[in-house]
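Working notes, structure below.
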Amino acid sequence: MIDFNIPLYMGDELYYVKDVMEKHKICGDGEYTRKCNSWFEKSFSAKHALLTTSCTHATEMAAMLCNIGYGDEVIMPSYTFVSTANAFVLRGAKVVFVDIRPDTMNINEKLIEDAITEKTKAIVPVHYAGVSCEMDTILDIAKRHNLYVIEDAAQAVMSKYKGRYLGTIGDIGCFSFHETKNFSMGEGGALLVKNDDTFEQAEIIREKGTNRSRFFRGQIDKYTWVSSGSSYLPSELNAAYLYAQLLRANEINDNRLASWNRYYEGLKHLKGSGLIDLPSIPLDCEHNAHMFYIKTKDLEERSRLISYLKSYDIYSVFHYIPLHTAPAGIKYGRFNGEDKYTSRESERLLRLPMYYGLKSDEIDLVCEKISNFYTK
Ligand SMILES: *Cc1c(COP(=O)(O)O)cnc(C)c1O
């Protein structure tokens with residue numbers, strides 16, 4: 001059997017988790033949370049990083065930090081996970097969906113400006129499959145219209161755009177360490193922030209609206225309730241689990257990239273014959289092999305291929321029913337312009353097994369079966 005995903009487990013996690021247990025400090029914001037935060041700050045040249053309980057929560061924090069409120073509008077692709085939209089809907093904002101580019105499945109940067117109104121507060125680029133959106137164009141639009149850029153970099157840990165790490169390019173970046181992502185702590189995420197004042201506010205929101213973080217650093221002599229907030233800090237047990245993986249980040253990334261490249265080599269003849277499409281990585285982007293997908297002719301062919309692979313115990317999946325077609329999307333959002341690619345391309349996309357440690361002969365088998373499906 002070839003699973004679609006096996007959550008990352010390197011073997012060193014237990015050592016660090018045990019260390020947490022033996023030190024009797026298992027709640028949040030201890031040694032391992034700090035180690036993870038500074039790992040991101042150093043490795044990605046991020047100004048500030050804060051571990052959170054999920055990417056969903058990091059995005060909710062981003063919405064609060066940007067003071068998104070009732071009646072505001074936020075621009076994003078419709079082809080994304082529900083959390084990208086929910087974080088803003090929870091604040092009472094309206095979500096404005098823009099069509100994607102078929103080559104990367106990312107928001108089409110050329111269509112963003114047309115969706116801006118006087119109510120627009122932020123643009124949320126989602127780096128699908130760990131491949132960057134066209135950030136220079138997006139930053140330029142944001143600057144001219146005075147908008148926040150909040151990167152949904154859930155899938156993009158380790159990826160780069162023009163040499164800069166994704167998540168660190170916009171005003172705020174959000175990572176996910178859910179078990180389906182490249183690095184995992186079960187459930188978890190991180191918030192990356194550029195501005196010092198915004199960071200101070202983020203620490204407060206994350207610590208139940210108190211200035212406890214400053215208290216722990218000895219910057220004030222007692223802590224108190226200073227603003228509205230919640231609890232978005234993960235346990236040290238989860239942080240330690242993640243830390244073990246961060247120490248081996250390059251090895252993990254290289255392993256995934258090797259798998260990705262092997263898939264590409266094994267399937268490119270089918271693209272050459274016009275039978276399938278393969279992902280394309282723009283020149284300015286270095287990706288993290290979060291995902292390997294192919295595109296079939298249409299929905300019907302995709303369903304047949306999923307069943308065909310399943311008959312050989314190979315598990316492939318698709319995702320994202322475009323948000324603007326979902327009941328909540330109709331209620332809370334609007335699609336600006338024409339849905340030229342979002343629906344059509346989402347019906348063609350099929351994700352192949354991808355995880356750290358996937359074996360070469362397993363990849364070759366998947367490629368062989370897909371070739372047989374198309375040529376026999
Ligand atoms: C996984 C994912 C999320 C949510 O991450 P969680 O950590 O599970 O909250 C958000 N956006 C995108 C694009 C994702 O892939």
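The values are calculated or read from the model by the stated rules, or taken from the named source; none is laboratory data. These numbers were taken from a predicted model, which means no experiment stands behind them. Every residue, glycine among them, receives a Cβ derived from its backbone with ideal geometry; neighbour counts consider all protein chains shown.
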_Matching residues, segment 7-30, being acidic (D, E) and within 18 Å of S231 (Cα to Cα)_ = D29
*asked:* Criterion first (part of a loop (DSSP other than H, G, I, E, B) and surrounded by fewer than 19 Cβ atoms within 10 Å (Cβ to Cβ)) does S280 satisfy it?
replied: yes
*For segment 70-79, does any single residue satisfy the condition of being outside any strand (DSSP E or B), closer than 22 Å to F199 by Cα and in contact with a helix residue (DSSP H, G or I) (Cβ under 6 Å, 6 or more places away or on another chain)?*
no
*Using the structure shown, decide if N195 is farther than 24 Å from T84 by Cα, of a type outside the set (A, V, I, L, M) and either at pLDDT below 95 or more than 16 Å from the ligand (Cβ to nearest atom) (or both).*
no
_Condition first: outside any helix (DSSP H, G or I), touching a helix residue (DSSP H, G or I) at 6+ places or on another chain (Cβ under 9 Å) and over 10 Å from Y241 (Cα atoms). Now tell me which residues in segment 12-32 satisfy that._
K23, K25, I26, C27, G28, D29, G30
*Quick check: anything in segment 22-29 crowded, with 24+ Cβ neighbours inside 10 Å and not aromatic (F, W, Y)?*
no
*List the number of the failed condition for G186; all other conditions in (1) within 16 Å of the ligand (Cβ to nearest atom); (2) outside any loop (DSSP other than H, G, I, E, B); (3) not basic (K, R) hold.*
(2)
*For segment 112-121, state whether one or more residues are in contact with a strand residue (DSSP E or B) (Cβ under 7 Å, 6 or more places away or on another chain), of a type outside the set (A, V, I, L, M, F, W, C) and not in a strand (DSSP E or B).*
yes
*Got a sec? Which of T33, T53 is touching a Pro at 6+ places or on another chain (Cβ under 9 Å), over 30 Å from R351 (Cβ atoms) and among the β-branched types (V, I, T)?*
T33
